[in-house]
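To start, the structure under review is shown below, and the notes come after it.
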Amino acid sequence: MTSASIKPNAEHIIPTLHPAFAKRRCFRADSVCGELWDILDQVCDPELPGLTLWDLGVLQDVQVSNDASNNQQITVVITPTYSGCPAVDAMSEDAIKALNNAGFNQVKVAVILAPAWSTDMISPNGKKQLRALSIAPPNEHDNVDCPVCGSGETEVLSQFGSTACKAMYRCLSCSEVFDYFKNL
Ligand SMILES: [Zn+2]
């Protein structure tokens with residue numbers, strides 16, 4: 001059966017949920033170590049206060065294995081927002097610390113670069129948090145709305161904002177200068 005032959009039920013369509021994030025959410029829900037994912041919800045991007053590694057789409061997987069002496073070994077799998085992102089070391093340390101504090105002593109972080117991170121992995125909650133930080137969240141068409149007043153009348157000031165993954169914009173309605181998290 002092709003997907004075209006399935007008639008979607010309108011009640012089941014959530015238009016704001018990007019397929020890339022929906023897939024991540026299913027993956028997390030199916031994980032046997034939900035408790036560990038929940039602990040890692042304490043860990044935020046050092047440059048984006050309140051935005052967790054999960055919401056940002058950096059946290060990819062949490063794996064548990066037993067070593068030769070039957071000790072539990074936890075591996076946290078992360079993908080940086082862009083290669084060479086200086087925040088990776090801080091994120092890794094914070095993830096290890098959070099699990100250590102919860103009583104899990106053997107924790108390591110694996111950084112994987114493929115598949116590459118994309119802004120599609122940011123959760124709906126993450127986009128809300130970006131707006132709360134006065135950063136316009138990424139969108140497919142690069143229609144940048146002001147995170148402060150919501151106006152669509154904005155102009156680009158610089159393709160590079162406070163970091164390489166952001167561009168600097170100004171709102172023509174309220175004059176706010178803000179970062180736009182570039183679509184990647
Ligand atoms: Zn504005």
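The values are calculated or read from the model by the stated rules, or taken from the named source; none is laboratory data. Only a predicted model underlies this, so the values are computations on that prediction, with no experimental measurement involved. We place every Cβ from the backbone using ideal geometry, glycine too, and count neighbours over all the protein chains shown.
Only residues that are out of contact with any helix residue (DSSP H, G or I) (no Cβ under 7 Å at 6 or more places or on another chain), surrounded by 13 or more Cβ atoms within 10 Å (Cβ to Cβ) and aliphatic (A, V, I, L, M): list them for the range 84-135, please. Once the filter is applied, which keeps residues that are out of contact with any helix residue (DSSP H, G or I) (no Cβ under 7 Å at 6 or more places or on another chain), surrounded by 13 or more Cβ atoms within 10 Å (Cβ to Cβ) and aliphatic (A, V, I, L, M), the range 84-135 yields Ala87, Val88, Ala90, Ile96, Ala110, Ile112, Ala116, Leu130, Leu133, Ile135. All of Pro80, Pro86, Pro138 fail the test of being assigned by TED's automatic domain parsing to the domain that holds Trp37, more than 14 Å from the ligand (Cβ to nearest atom) and under 23 Å from Phe21 (Cα atoms), apart from Pro80. Listed by position, the strands (runs of 3 or more DSSP E) inside the range 109-184 whose residues that are of a type in the set (Asp, Glu) and under 19 Å from Pro86 (Cα atoms) number at least 1 are 177-181.
Residue by residue, here is whether (1) under 21 Å from Tyr180 (Cβ atoms); (2) part of a helix (DSSP H, G or I) holds:
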| residue | (1), (2) |
| --- | --- |
| Leu48 | yes, no |
| Trp54 | no, yes |
| Val62 | no, no |
| Ser69 | no, no |
| Ile74 | no, no |
| Val77 | no, no |
| Asp89 | no, yes |
| Asn100 | no, yes |
| Asn105 | no, no |
